[in-house]
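Report on one structure; see the data block that follows.
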Amino acid sequence: MPTVTFIYDRKKTATRSRGAVIEIRISYDYKKKYLSTGIKVLPKEWRADMVTNRTDAIELNKALTTMRNNVLKVINDMLEEGCLNIQEIPSRI
């Protein structure tokens, strides 16, 4: 079964004053696929897979949850079809 997790600052570009992108990582069969969420936050605003210390944290966390649920839905659809290819997930979202 594939795993879907949030990854913050995968490329190690964040500093105290410069944010980094939150990505979704899909791992399956020793392969990984990263999808950008388009949400960029500072290191102090990201804790335990959640956006914190921001006025819009609730909205951003809802958006992240929605994106994760969309990925999981696509994965479940592909599993029902009998052909799971994580490289095709972005085109089906």
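What the table below lists for this structure:
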| quantity | calculated |
| --- | --- |
| Scope the range 11-24; condition without any contact (Cβ under 8 Å) to a residue 40 or more places away in the chain, closer than 26 Å to ASN69 by Cα and surrounded by 13 or more Cβ atoms within 10 Å (Cβ to Cβ); matching residues | GLY19, ALA20, VAL21, GLU23 |
| Test for SER27: is it surrounded by fewer than 16 Cβ atoms within 10 Å (Cβ to Cβ), free of Cβ contacts under 8 Å to residues at least 24 places away in the same chain and within 21 Å of GLU88 (Cα to Cα) | no |
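Residues are listed down the side, and each one gets a yes or a no for (1) over 24 Å from PRO90 (Cβ atoms); (2) surrounded by 11 or more Cβ atoms within 10 Å (Cβ to Cβ); (3) of a type in the set (Lys, Arg); (4) touching a residue at least 40 places away in the same chain (Cβ under 8 Å):
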{"position": "SER36", "(1), (2), (3), (4)": "no, yes, no, no"}
{"position": "LYS40", "(1), (2), (3), (4)": "no, yes, yes, no"}
{"position": "GLU45", "(1), (2), (3), (4)": "yes, yes, no, no"}
{"position": "MET50", "(1), (2), (3), (4)": "no, yes, no, no"}
{"position": "ARG54", "(1), (2), (3), (4)": "yes, yes, yes, no"}
{"position": "ALA57", "(1), (2), (3), (4)": "yes, yes, no, no"}
{"position": "LEU60", "(1), (2), (3), (4)": "no, yes, no, no"}
{"position": "ALA63", "(1), (2), (3), (4)": "no, yes, no, no"}
{"position": "VAL74", "(1), (2), (3), (4)": "no, yes, no, no"}
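Every read-out reported here was derived from the displayed coordinates using simple, explicitly stated rules and does not represent laboratory data. Bear in mind that the values here come from a model prediction, so they are computed numbers and not experimental data. Ideal geometry is used to build each Cβ from the backbone, glycine not excepted, and the neighbour counts take in all protein chains shown.
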